[in-house]
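Here the structure comes first, spelled out in structure tokens, and everything after it is commentary.
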Amino acid sequence: MLSYLQNIFEIVVTIFEGLSITFSHLVRRPATIQYPDRIDRPVQETLPKRYRGHLEVDMAICTNCKACERECPITCIAITDSEEPDKKRWMTQFDIDLAKCMYCGICSEVCPTGSIRHSQEFEGSCYNPAAMVRRFVLDGAPVPPFKPKKGGETDTDLAEKVEIGKEFMDLFAQPER
């Protein structure tokens with residue numbers, strides 16, 4: 001009978017210990033930061049310099065080499081050429097399925113012109129996984145591939161676009177704090 005009463009006493013003591021922790025949290029100020037309306041600066045400014053957000057493609061300097069499609073380990077990039085003889089190698093499809101993408105960065109590393117890169121965008125929640133497919137070639141409007149000059153000559157348009165891309169990345173590259 002004595003051990004039975006000791007067990008009941010231990011149960012009551014442990015219940016009050018657990019409730020004391022719960023009640024102590026009731027009187028504290030909440031530590032949760034409400035996102036995004038109550039933060040002092042945009043979240044994109046707090047991200048590291050080499051943050052791997054959603055993929056974006058600059059179709060103006062894409063050469064249609066399909067290196068990103070070949071090197072993607074999970075085949076989330078789909079590139080299709082036109083079948084018409086007069087539109088030789090024009091891109092009719094350039095899709096990236098962000099629901100499958102693991103943001104490894106291999107596709108942006110193998111791109112010879114730097115047309116595919118990670119952005120600072122990270123909010124991509126949706127109810128339908130089909131909405132996570134980013135289409136960079138609109139239906140019915142094939143895109144011609146970029147043709148760099150041969151022989152090591154630099155194209156001024158490409159150099160300007162690379163500079164614009166660097167400026168774009170520098171906008172989001174805030175010093176670490």
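Each reported figure results from applying straightforward, stated rules to the coordinates on display, with no laboratory input. Bear in mind the structure is a predicted one, so any value in this text is a computation, not a measurement. Heads up, the Cβs are rebuilt from the backbone with ideal geometry, glycines too, and the neighbour counts pull from every protein chain shown.
Shape call for segment 1-147 from the C-alpha gyration tensor, a ≥ b ≥ c root eigenvalues: rounded (a/c under 1.5), prolate (a/b greater than b/c) or oblate? Here segment 1-147 falls in the prolate category.
Under 5 Å between amide hydrogens, built in the peptide plane, is the criterion, and for I116 it picks out D58 among residues at least 5 positions away or on other chains. Given R0 = 30 Å, the distance between the Cβ atoms of R50 and K147 translates into a calculated FRET efficiency of 0.50.
Between C62 and F146, the built amide H atoms are under 5 Å apart, and every one of these is 5 or more places off in sequence or on another chain. The ranking of F16, F122 by Cβ neighbour count inside 10 Å, starting from the fewest, reads F16, F122.
With q set to 0.17, 0.18, 0.21 Å⁻¹, the log10 of I(q)/I(0) for segment 1-81, from the Debye formula over equal scatterers at the Cα positions, is -0.93, -0.96, -1.05. Pairs spanning more than 28 Å between alpha-carbon atoms, out of K66/K150; K49/K147; K49/K150: K49/K147; K49/K150. Once the Cα-Cα distance is subtracted from the 0.36 nm per residue extended length, the K88 to A130 segment shows a gain of 12.2 nm.
Applying 1/(1 + (r/R0)^6) with r as the Cβ-Cβ distance of A31 and E123 and R0 = 22 angstrom yields a FRET efficiency of 0.45. Given H placed on each backbone N at 1.01 Å, which residues far from V133 in sequence or on other chains put an amide H within less than 5 Å of it? Those qualifying (amide H under 5 Å, at least 5 residues apart or on another chain) are L98.
Between R41 and E17, the modelled label-to-label distance comes to 4.5 nm, taking each label 7 Å out from Cα in the direction of the beta carbon. Here the scattering of segment 52-94 is modelled by Debye summation over its C-alpha atoms, one equal scatterer each and no solvent; at q = 0.19, 0.31 Å⁻¹ the log10 of I(q)/I(0) is -0.65, -1.25.
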